[in-house]
Amino acid sequence: MGEAKTDLLKIYRNLHQIPELALHEFQTHDYLMKQIKQDTAAIDYAEIQVPNELPTAILVLLHGTQPKRTIGYRTDIDALPVAEDTGLDFSSKHDGVMHACGHDIHMTVALGVLQYFTQHQPTDNLLFFFQPAEESENGGKLAYEDGIFTGKWKPDEFYGLHDNPQLSAGAIGCRMGTLFAGTTEVDVDFTGTQGHAAYPQFANDMIVAASQFINQVQTIVSRSVDPIEGGVITFGQFNAGTIRNVISGSAHLKGTIRGLTQKMIEHIDERLQAVAKGIETSYDCQVDLKLNQGGYLPVENNDKLTADFINYMEENPKVDYVETEPAMTGEDFGYLLAKFPGTMFWLGIGDPKNQLHSSKLVPDTNAIQPGIDAITGFLQHRMLEKD
Ligand SMILES: CC(=O)N[C@@H](CCC[C@H](N)C(=O)O)C(=O)O
């Protein structure tokens, strides 16, 4: 596997240093814009658009020489509120924020693919979508609802990748059907009565109520979900209390539900509502449960296009292709794939000791060039297809 060209490595490292949270990707936007303008300066077949309603997004349309269709390629650009712990000499310069999901790799690969097609004009039109807010705030859905993908900006088919530390650097992973889970974001606010630590009889302790809620929720997946189908409920945030000797009258939880079908997600949503009602009754408190799926639908790969994608990758001796199992990660590209046919796939980044979202994630940059080569090769192959 070849090391990425020096400019792309530099781009990756620069992007790694400026991670930004969903809908606040302004520095990243400016950096990407500078690169895109530089790469498209010498050609007359590129159009760039920054949507008014989504000012950190960028769309780049490369007009083809004999367009039969518009092929979309999407990359996400946001980062996570994770404090980096990699020790890299190009670590995040933004305290408490890190590209712990590898979107810096995604952006670098997208810029590499774009760069290739600015040097080799495509036959079909190519639409690049640099998308904010994948980790939260469903940027894909916002873009769609803002009417960004209309007229010449409408893709006939859409592709996008996610990096995968468990696959070797540069490998391409995919599968027919469902690639990723759908998710529901869960916010729970508990309201009881605050009081003195020494007089629990006069208070209504929301740390106890919220803890019971979390414990009871554990039985949803173990007792109410078909084990063959599976599901996930994770609470990643629990806030309550101010000091050791005051009983807290409020508690707040933030979590996420995962299921591989919409039916399963809705089933888990319903069970969670029932548990919340039970806690309200048994702890005589108020439980305000908010469930928000936003655009995080299950990622359903289109049959025809994905068969073509897999076939291309399998037949290409330069591609290390692996068939993968469905994953419980979520992606708002699921929303866009419900609107436009297409395929999502994995790009291996060879860091098997770490998971996505780990503060220690260090992608192997040997993934970048093979990723670019596999994608440009596939897009060129698509352009040869009549339908
Ligand atoms: C690939 C990945 O890690 N995606 C995120 C998507 C977030 C979904 C949503 N905000 C939620 O938390 O439910 C993931 O956490 O899987």
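A few remarks follow.
- Unmet requirement for K254, which otherwise passes all of (1) over 19 Å from G330 (Cβ atoms); (2) open to solvent by 60 Å² or more (accessible area, probe 1.4 Å): (1)
- Taken together, the criteria exclude P298 from residues that are at pLDDT 95 or above, under 18 Å from T261 (Cβ atoms), in contact with a strand residue (DSSP E or B) (Cβ under 9 Å, 6 or more places away or on another chain) and surrounded by fewer than 18 Cβ atoms within 10 Å (Cβ to Cβ).
- A count restricted to the stretch 202-235 and to residues that are closer than 30 Å to E325 by Cα and either touching a strand residue (DSSP E or B) at 6+ places or on another chain (Cβ under 9 Å) or not hydroxyl-bearing (S, T, Y) (or both) stands at 19.
- Residues that are under 17 Å from the mean Cα position of the chain (by Cα) and not small (G, A, S) within the stretch 340-353 comprise T343, M344, F345, W346, L347, I349, listed in sequence order.
- Qualifying residue in the stretch 14-23 (condition: at pLDDT 95 or above, assigned by TED's automatic domain parsing to the domain that holds F129, closer than 16 Å to V109 by Cα and open to solvent by 20 Å² or more (accessible area, probe 1.4 Å)): yes
- Here the condition is being within 14 Å of the ligand (Cβ to nearest atom) and of a type in the set (K, R); of K353, K290, K318, K339, it holds for K290 alone.
- For T261, the conditions (1) open to solvent by 50 Å² or more (accessible area, probe 1.4 Å); (2) over 30 Å from F378 (Cβ atoms); (3) touching a residue at least 40 places away in the same chain (Cβ under 8 Å) all hold with the exception of (2).
- Residue match in the stretch 325-335 (condition: in the same structural domain as R74 (by TED's automatic domain parsing), away from the ligand (no atom under 16 Å from the Cβ) and of a type in the set (S, T, Y)): no
- When the stretch 150-201 is limited to residues that are within 11 Å of the ligand (Cβ to nearest atom), polar (S, T, N, Q) and over 17 Å from Y321 (Cβ atoms), the one that is surrounded by the fewest Cβ atoms within 10 Å (Cβ to Cβ) turns out to be T184.
- Residue match in the stretch 133-144 (condition: more than 30 Å from F235 (Cβ to Cβ) and either among the polar types (S, T, N, Q) or more than 16 Å from the ligand (Cβ to nearest atom) (or both)): no
- Tallying residues that are more than 16 Å from the ligand (Cβ to nearest atom), without any contact (Cβ under 8 Å) to a residue 60 or more places away in the chain and open to solvent by less than 70 Å² (accessible area, probe 1.4 Å) within the stretch 208-218 yields 3.
- Filtered residue count, the stretch 301-353, keeping only those that are assigned to a strand (DSSP E or B), hydrophobic (A, V, I, L, M, F, W, C) and surrounded by 20 or more Cβ atoms within 10 Å (Cβ to Cβ): 5
- Here G236 meets the list (1) within 15 Å of the ligand (Cβ to nearest atom); (2) within 30 Å of L305 (Cα to Cα) almost entirely, failing just condition (2).
- Under the condition of being among the aliphatic types (A, V, I, L, M), part of a strand (DSSP E or B) and within 16 Å of the ligand (Cβ to nearest atom), the residues counted in the stretch 246-275 number 2.
- Subset of the stretch 356-377 that is open to solvent by 30 Å² or more (accessible area, probe 1.4 Å) and within 15 Å of the ligand (Cβ to nearest atom) - its residue that is nearest to G170 (Cα to Cα): L356
- Whenever a residue of the stretch 31-54 is within 22 Å of Y12 (Cα to Cα), its partners that are open to solvent by 30 Å² or more (accessible area, probe 1.4 Å) and outside any helix (DSSP H, G or I), lying with C-beta atoms within less than 8 angstrom and at least six residues away or across chains, give the pairs M33/I48; M33/V50; I36/I48; K37/I48; T40/A46; T40/I48.
- Strands (runs of 3 or more DSSP E) completely within the stretch 57-145 that count 2 or more residues being β-branched (V, I, T) and either touching a residue at least 40 places away in the same chain (Cβ under 8 Å) or open to solvent by 10 Å² or more (accessible area, probe 1.4 Å) (or both): 58-62, 70-76
The values are calculated or read from the model by the stated rules, or taken from the named source; none is laboratory data. Bear in mind the structure is a predicted one, so any value in this text is a computation, not a measurement. Every residue, glycine among them, receives a Cβ derived from its backbone with ideal geometry; neighbour counts consider all protein chains shown. Areas reflect the complete protein model, heavy atoms only, side chains present, ligands, DNA and RNA absent. Shrake-Rupley method; radii C 1.70, N 1.55, O 1.52, S 1.80 Å.
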